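Right, one structure below, let's go through it.
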Amino acid sequence: MIEHVLAGPPSPSPEERGRDLFGAHCATCHGQGGEGSHRGPSLKGVGAANADYQLSTGRMPIPRPDVRPERHPPAFTEADIAALTSYIAALGPGPAIPQVGPGNLRLGRELYMATCASCHSGAQSGGTLAHGLAAPPLLHSTPTQIAEAVRIGPGAMPAFPPAVLSDAEVNSIASYLTTTRPQLDHGGNPLGGLGPVAEGAVALLAGLGLLLLFIRLIGKRAP
C-alpha cells in the first residue's frame, strides 16, 4: 500500500519573501515598486550593498521621514535582511555587497588616517560635521559594513569607487579598524565608553564622597 503524504505549500523564495516584507515595511515611503515618493527616495539601482548596510545597521526602517537615520539594533532577522536585500537588488543594477578579506594593517592605518580620521576621529568615536551633521562612530561596524559604507557613501560621506580605493585598500582599512579598535570594557563599569577623563572624574567624585563620609563619622565619635 502506498501512503500519500500531503505536502504543504512551497516556501517562498528569498526575493518573494523580500517583496512581502518590502510591501509591509518599506513601500509606504519608497513606493510599491521601489520607485520612491515624496516620503522617501527611489531604491531602483541602489544595489545590494546599500540595502544591506541600511538594514543591518538598523538605520532603516525609520518611524517617520523627518527622522535622521542612525545606527540601531536591526529591525529584521538576518534571513529577512537577506530577503529584503535580494528584492531591492533586483529593482535595478547597483553595487553588490563587498567580499571583504584580510588586509595590511599598516596600509590600513595610513589610509584611515589620511582619508577617514578627520571625520570619524583617530579613535573611531565619530565627530561633528558642518550644518548639524555628524560622522558616526565605527566601534561596532563589521568589516562588511565598513566596506559597504566606503563604496556607497551613506549620508554626508562621499563614496569611494574602486578607482579611488581598491578592494585591497578597503580590506586593509576594514582590517585595521576591526583589529585595533579600542577595547572599552576592560573590567568594572565601562560608563558607556566615555573615556579616561570622564571615568577619572567619576572615580574622583566617588573617592571624595567616601572621604567626606569617613571624616563625618570620625567627627561624630570625637569627644
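The values are calculated or read from the model by the stated rules, or taken from the named source; none is laboratory data. Predicted model, so just to flag it, every value in this text is computed and none were measured. FYI the Cβ positions are ideal-geometry reconstructions off the backbone, even for glycines, and counts take in every protein chain you see. Please note that ligands, DNA and RNA were not included when accessible areas were found on the heavy atoms of the full protein model with its side chains. Shrake-Rupley method; radii C 1.70, N 1.55, O 1.52, S 1.80 Å.
Of the residues Pro69, Pro102, only one is in a loop (DSSP other than H, G, I, E, B), within 24 Å of Ala27 (Cβ to Cβ), in contact (Cβ under 8 Å) with a residue 60 or more places away in the chain and open to solvent by 30 Å² or more (accessible area, probe 1.4 Å); which?
Of the residues listed, the single one that is in a loop (DSSP other than H, G, I, E, B), within 24 Å of Ala27 (Cβ to Cβ), in contact (Cβ under 8 Å) with a residue 60 or more places away in the chain and open to solvent by 30 Å² or more (accessible area, probe 1.4 Å) is Pro69.
Suppose we filter the range 26-61 for residues that are in contact (Cβ under 8 Å) with a residue 24 or more places away in the chain and either more than 27 Å from Pro143 (Cβ to Cβ) or part of a loop (DSSP other than H, G, I, E, B) (or both); how many remain?
Going through the range 26-61 one residue at a time, the tally reaches 14.
Failed condition for Gly92, given (1) under 18 Å from the mean Cα position of the chain (by Cα); (2) more than 27 Å from Gly132 (Cβ to Cβ); (3) outside any helix (DSSP H, G or I), with all others met?
(1)
Based on this model, can you work out whether Val46 counts as β-branched (Val, Ile, Thr) and either closer than 18 Å to Val150 by Cα or touching a strand residue (DSSP E or B) at 6+ places or on another chain (Cβ under 8 Å) (or both)?
Yes; evaluated as a whole, the condition is true for this residue.
Tell me which residues, restricted to the range 72-122, are of a type in the set (Val, Ile, Thr) and under 14 Å from Ile146 (Cβ atoms).
Ile97, Val100, Thr115 - these are the residues of the range 72-122 that are of a type in the set (Val, Ile, Thr) and under 14 Å from Ile146 (Cβ atoms).
Is one or more of the residues making up the range 170-183 part of a helix (DSSP H, G or I), over 30 Å from Pro14 (Cβ atoms) and open to solvent by 50 Å² or more (accessible area, probe 1.4 Å)?
There is at least one residue in the range 170-183 that is part of a helix (DSSP H, G or I), over 30 Å from Pro14 (Cβ atoms) and open to solvent by 50 Å² or more (accessible area, probe 1.4 Å).
Every residue in the range 130-141 that is exposed (fewer than 14 other Cβ atoms within 10 Å of the Cβ) and either assigned to a loop (DSSP other than H, G, I, E, B) or in contact with a helix residue (DSSP H, G or I) (Cβ under 8 Å, 6 or more places away or on another chain) (or both), please.
Once the filter is applied, which keeps residues that are exposed (fewer than 14 other Cβ atoms within 10 Å of the Cβ) and either assigned to a loop (DSSP other than H, G, I, E, B) or in contact with a helix residue (DSSP H, G or I) (Cβ under 8 Å, 6 or more places away or on another chain) (or both), the range 130-141 yields Leu133, His140.
Can you go through Leu84, Leu107 and tell me which one is crowded, with 16+ Cβ neighbours inside 10 Å and more than 20 Å from Pro154 (Cβ to Cβ)?
That would be Leu107, the only listed residue that is crowded, with 16+ Cβ neighbours inside 10 Å and more than 20 Å from Pro154 (Cβ to Cβ).
The rows are residues; the columns are (1) open to solvent by 50 Å² or more (accessible area, probe 1.4 Å); (2) small (Gly, Ala, Ser).
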site: Pro41; (1), (2): yes, no
site: Arg59; (1), (2): no, no
site: Leu91; (1), (2): no, no
site: Pro98; (1), (2): no, no
site: Gly122; (1), (2): no, yes
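Confirm whether Pro74 is of a type outside the set (A, V, I, L, M), at pLDDT 95 or above, surrounded by fewer than 18 Cβ atoms within 10 Å (Cβ to Cβ) and part of a loop (DSSP other than H, G, I, E, B).
Taking the combined requirement at face value, the residue satisfies it.
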